Amino acid sequence: MIKSKNDYKYYLKCDLESSGIKNFRIIDRIFERRFKFYKSLRLTEYYTNCKKGPVGRIIAKILRKRHRLICDKYNWTIPINVFDEGLAIIHTGPIVVSHKAKIGKNCRIHVCVNIGSAWVKGNAGAPVIGNNVYIAPGVKILGPIKIGDNTAIGANAVVNKQFIEGNYTIAGVPASIVSYNDSSKYILKY
């Protein structure tokens, strides 16, 4: 979570690098949408978390409204303070993430993904996803579950049970372990 201006700059730098955007000043037209989104997300987090004075609260409210408009434009529902540093959104298109979810560093997420809260076996809650997780197109991750570090989730998987240990590939409906290869080949390291 962003707690200072240095954190804001670091998170934005990590997001851009994990998305393959190396030059911050001359942004290629292909990456312009994602650059605007990352900047909006991280700046909104910075003002919401750090600026508690009256002017800061007003700016934070304006930034939250602008962030919602950007999300609506790209058909994303990505709330603030959910993703740690190194977020990489690969394509524009529908992505829905619960505001209660917690997602670790270097998450690579594709189109048509839903990370949502659900009521499972008497427990309500949202997923907690570890570091270096690759989420392929069409994945649904639902309920109060945990997914460990270095996990790759295959296309169109429905994940509704925990995979705490990590370091493997899961896929299917419902998801199960299909390989003990981790997500390292899918995540760009910066």
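Observations, loosely collected:
- Residue that is at pLDDT 95 or above, within 22 Å of residue 172 (Cβ to Cβ) and not charged (D, E, K, R), where the choices are 82, 128: 128
- Number of positions in the stretch 136-163 that are assigned to a strand (DSSP E or B), more than 16 Å from residue 119 (Cβ to Cβ) and either in contact (Cβ under 8 Å) with a residue 40 or more places away in the chain or basic (Lys, Arg) (or both): 1
- Only one entry of 128, 139 meets the criterion of being in contact with a strand residue (DSSP E or B) (Cβ under 7 Å, 6 or more places away or on another chain) and within 20 Å of residue 178 (Cα to Cα), and that entry is 139.
- Of the residues making up the stretch 5-38, those that are modelled with pLDDT under 75 and not in a helix (DSSP H, G or I) number 8.
- The stretch 119-128 - residue that is in contact (Cβ under 8 Å) with a residue 24 or more places away in the chain and in contact with a Ser or Thr (Cβ under 9 Å, 6 or more places away or on another chain) and, of those, surrounded by the fewest Cβ atoms within 10 Å (Cβ to Cβ): 125
- Residues located in the stretch 139-157, provided they are surrounded by fewer than 17 Cβ atoms within 10 Å (Cβ to Cβ) and of a type outside the set (S, T, N, Q): 146, 155
- Members of the stretch 45-61 found to be surrounded by 14 or more Cβ atoms within 10 Å (Cβ to Cβ) and not in a loop (DSSP other than H, G, I, E, B), listed by number: 45, 46, 47, 48, 49, 50, 56, 59, 60
- First in the stretch 5-21 and surrounded by fewer than 17 Cβ atoms within 10 Å (Cβ to Cβ), second anywhere and modelled with pLDDT of 90 or more, Cβ under 8 Å, 6 or more apart: 5/46; 5/50; 10/85; 20/88
- Taking the criterion of being polar (S, T, N, Q) and part of a loop (DSSP other than H, G, I, E, B), the residues of the stretch 62-85 that qualify are 75, 81.
The values are calculated or read from the model by the stated rules, or taken from the named source; none is laboratory data. Note that this is a predicted model, so its numbers are computed, not measured. Virtual Cβ from ideal backbone geometry, glycine too; neighbours counted across all protein chains shown.
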